[in-house]
Structures are given as C-alpha cells and as structure tokens.
Amino acid sequence: MAKSRILWGLELILCVMFYVFTDSYAGLWLLAISLVLPIVEMIGAEICAKKLFGTLGIDNLGEKQKDMTAMLKIKNTGLFPLTE
C-alpha cells in the first residue's frame, strides 16, 4: 500500500512538472485525471467494503495429506451488484 501511494505521489509530481514546462491543456487534464480517479476509486472501495459480508463454512477438521471441503458464502447487501 505504501508503494502504491509513493508511486501515485511521484506521478502527481511528474504531472505537475509536465503541465508547468509544456503549458498545455493536455498536462492539465492529465493532472486532473491523476487526482480525481484514485480518490473516486478509494471512495467506491470503501462503500462496497461496508456492504459485503463473508462466512467460511468447514464441515469437519482437516487432517494432514487429506483433502477437505469448505464453502465460502459472500452476501452483498449493497444496491449495485459486484459480479455478474
């Protein structure tokens, strides 16, 4: 997580430098998109994470070198579907 935030900060610095040195609207749009999209994605992930509930069901205890079965149940209580 720290690595992605460092890379995002580096991207923002490079976008600002690109906008300042080229003085074009392409640099401004690139900077705006680099600022807005990650923030929107973080908000969306927080909203979706609060609406998902999961349980793991195991019938019996597992033994070494034996196969066992388990069932993962995920309940989405949100307004929008997460998968199709």
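The values are calculated or read from the model by the stated rules, or taken from the named source; none is laboratory data. Given the structure is predicted, the values throughout are model-derived calculations rather than measurements. A quick note on method: Cβ atoms are made from the backbone with ideal geometry, for glycine too, and the neighbour counts reach across all protein chains shown. The area values use the complete protein model at the heavy-atom level, side chains included, leaving out ligands, DNA and RNA. Shrake-Rupley method; radii C 1.70, N 1.55, O 1.52, S 1.80 Å.
Would you count, across the chain, every pair of lysines whose alpha carbons are under 18 angstrom apart, provided the pair is eight or more residues apart or spans two chains?
Lysine pairs satisfying the spacing and distance rule in the chain number 4.
Note the full-extension length gain between R5 and K51 as 0.36 nm times their separation in residues minus their Cα-Cα distance, in nm to one decimal. Please list the in-between numbers first.
Numbers: separation 46, 0.36 × 46 = 16.56 nm, distance 2.51 nm.
So the chain would gain 14.0 nm between R5 and K51.
To the nearest 20 Debye, how big is the dipole of the chain about its Cα centre, given +1 on the beta carbon of each Lys and Arg and -1 on that of each Asp and Glu?
Numbers: 8 positive and 8 negative charges, 64 e Å.
Roughly 300 debye for the chain.
Compute the acute angle (0 to 90°) between the alpha-carbon long axis of helix 25-49 and the principal axis of greatest extent of the alpha-carbon atoms of the chain; round to the nearest 10°.
Once rounded, the angle reads 20 degrees.
How much area per residue is accessible in the chain when the probe is 1.4 Å and only protein heavy atoms are counted (Å²)?
Details: 7900 Å² over 84 residues.
Using a 1.4 Å probe on heavy atoms only, each residue of the chain averages 94 Å².
No solvent, one uniform scatterer per C-alpha: report log10 I(q)/I(0) for the chain via the Debye equation at q = 0.11 1/Å, two decimals.
For the chain, the Cα-only Debye profile gives -0.59.
Suppose each label sits 7 Å from its Cα in the direction of the beta carbon; what would the T77-D23 distance come out to in nanometres?
5.7 nm
Peptides 39-47, 63-71: what's the order by average Cβ count within 10 Å, highest mean first? Mind showing how you got there, number by number?
On the way: 39-47: 10.1, 63-71: 7.3.
The most tightly packed comes first, giving 39-47, 63-71.
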